[in-house]
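Throughout, read-outs are computed from the coordinates displayed, never taken from laboratory work. Everything numeric in this text was worked out from a predicted model, so none of it was measured. All Cβ positions, glycine included, derive from the backbone under ideal geometry; neighbour counts span all protein chains shown.
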Amino acid sequence: MTQSRILVTGATGRVGGAVVARLHAAGVPVRALVRREADLPEGVQAVRGDLGDPASLDAALEGVDSVFLVWPFLGAEGAADVIDAIRKHARRVVYLSSAGVGSGQEEPGEAITMFHTELERLIEASGLEWTALRPTGFASNTLGWAEQIRSTGAVRAPLAGLARPLIHEADMAAVAVQALTNDALLGAHPLITGPELISQKRQLALIGEAIGRPLRFEEITLDEAVDQMEAAGYPAELVEAVLPAQVRMLDDPEPVNGEVERITGTPARSFREWAVDHAADFR
């Protein structure tokens, strides 16, 4: 595949930002879709646009060959128009999907899995070259604990024993860059995972080690967790999807595999490594 310009959506987020940085470091022409002024690596072109307004995407897509697509909404409304806009300009899309797709969890009420499933369906039917990355839980989601850690040294959350193979955003980005820059993953849905199952209580302990401060996990009930999420302003469909899915994972945990190493040549980073990389976010 000859080198060509790549558009990265979600470019100011954890995964999209890591994709931008990797492509830029490799000398690949990269353009970042942004809704407002953003701090990007020098030399990266930023173009304003909004996935919620497909008509705003034409300038960003002009001259683009491939797109890294991060869908920022909890439903698929408007996705068909976005994919159509991409198809008019680009020939390839790499979509950041979810491990829940294809796992038998595509049930009414599973908001996150349902919209990812629909996005994958639309992309596969579009005529574009495609890859759908299916990562397990993001290690960066534990950044939601940062304020509690800084202020109290404790995290109040449900399911202390919930163990997941959380994946480092750098590993998701490394796989995405492979999918964007060569043909090995065309038409594939790689399930990509962290290297081991780590319980939430252990995750917190590793963050504590990284920042040099003992931390406490204070387990709360599921009802308390619902109240906590609602008070924090989480959308109802997210509250209804996340906690039941986590309860199911207690008995049926996400798989662990070696796909990151197979695709990139480098083993997946551990949660301990992630915690060290992000220690400053918790101090």
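How much net charge surrounds Phe138 when only other residues with a Cβ under 11 Å from its Cβ are counted (Lys, Arg +1; Asp, Glu -1)? Taking every other residue near Phe138 into account, the sum is 0.
How charged is the neighbourhood of Ser97? Take every other residue with its Cβ under 10 Å from the Cβ of Ser97, and add Lys/Arg as +1 and Asp/Glu as -1. Before the final figure, lay out each step's value.
Values: positive: Arg134; negative: Glu120.
Net charge around Ser97: 0.
With point charges of +1 on the Cβ of Lys and Arg and -1 on the Cβ of Asp and Glu, referenced to the Cα centre of the chain, which listed residue (Gly78, Phe68, Ala99) lies farthest in the positive direction of the dipole? Checked the options; the winner is Phe68.
What does the charge count around Ala205 come to, taking other residues whose C-beta lies under 13 Å from its C-beta (Lys +1, Arg +1, Asp -1, Glu -1)? Display every interim value, and only then the final one.
Working: positive: Lys201, Arg202, Arg213, Arg216, Arg272; negative: Glu209.
For residues surrounding Ala205, the net value is +4.
Rounded, prolate or oblate: which one fits segment 1-82, using the alpha carbon gyration tensor with axes a ≥ b ≥ c (rounded when a/c is under 1.5, else prolate when a/b beats b/c, else oblate)?
Details: a/c = 1.72, a/b = 1.46, b/c = 1.18.
Prolate is the answer for segment 1-82, as a/c is 1.5 or above and a/b outweighs b/c.
Springs between Cα atoms under 10 Å define the GNM used for the chain, and in it the highest mean-square fluctuation of Gly63, Gly194, Gly144 occurs at Gly144. Of the residues Lys88, Lys201, the one with the fewest other Cβ atoms within 10 Å heads the list, and the complete ranking is Lys88, Lys201. With respect to the chain, whose longest principal axis is taken over its alpha-carbon atoms, helix 200-211 is tilted by about 80°.
The DSSP beta bridges internal to the chain are antiparallel in roughly 10% of cases.
Normalised by the residues of segment 142-264, what does the relative contact order come to in percent, with Cα pairs under 8 Å and at least six apart?
Values: 129 pairs, mean separation 49.7, N = 123.
Over segment 142-264, the number comes to 40 percent.
Each residue in Arg164, Arg5, Arg48, Arg22 was given a count of other beta-carbon atoms within 10 angstrom of its own, and listing them fewest first yields Arg48, Arg5, Arg22, Arg164. Of all DSSP beta bridges confined to segment 135-283, the antiparallel ones make up roughly 25%.
Rounded to the nearest 5, what % of the DSSP beta bridges within segment 1-99 are antiparallel ones? Mind dumping the intermediate values first?
Values: 1 of 15 bridges.
Just about 5 percent of them are antiparallel.
Exposure proxy ranking for Ser98, Ser4, Ser151, based on other Cβ atoms within 10 angstrom of each Cβ and starting from the fewest, stands as Ser151, Ser4, Ser98. Convex hull volume of the Cα atoms of the chain, normalised per residue: 132 Å³.
Segment 147-283 gives an Rg/Rh value of 1.01, both radii derived from C-alpha positions and Rh following Kirkwood. In the calculated pair-distance distribution of segment 39-146, the portion above 20 angstrom amounts to 46 percent of the Cα-Cα pairs.
Per residue of the chain, what 222 nm ellipticity follows from adding -39500 (n - 2.57) for every DSSP H run with n ≥ 4, rounded to the nearest 500? If you can, show how the numbers build up before the last one.
Values: 12 runs with 116 residues, N = 283.
Rounded to the nearest 500, it is -12000 deg cm²/dmol.
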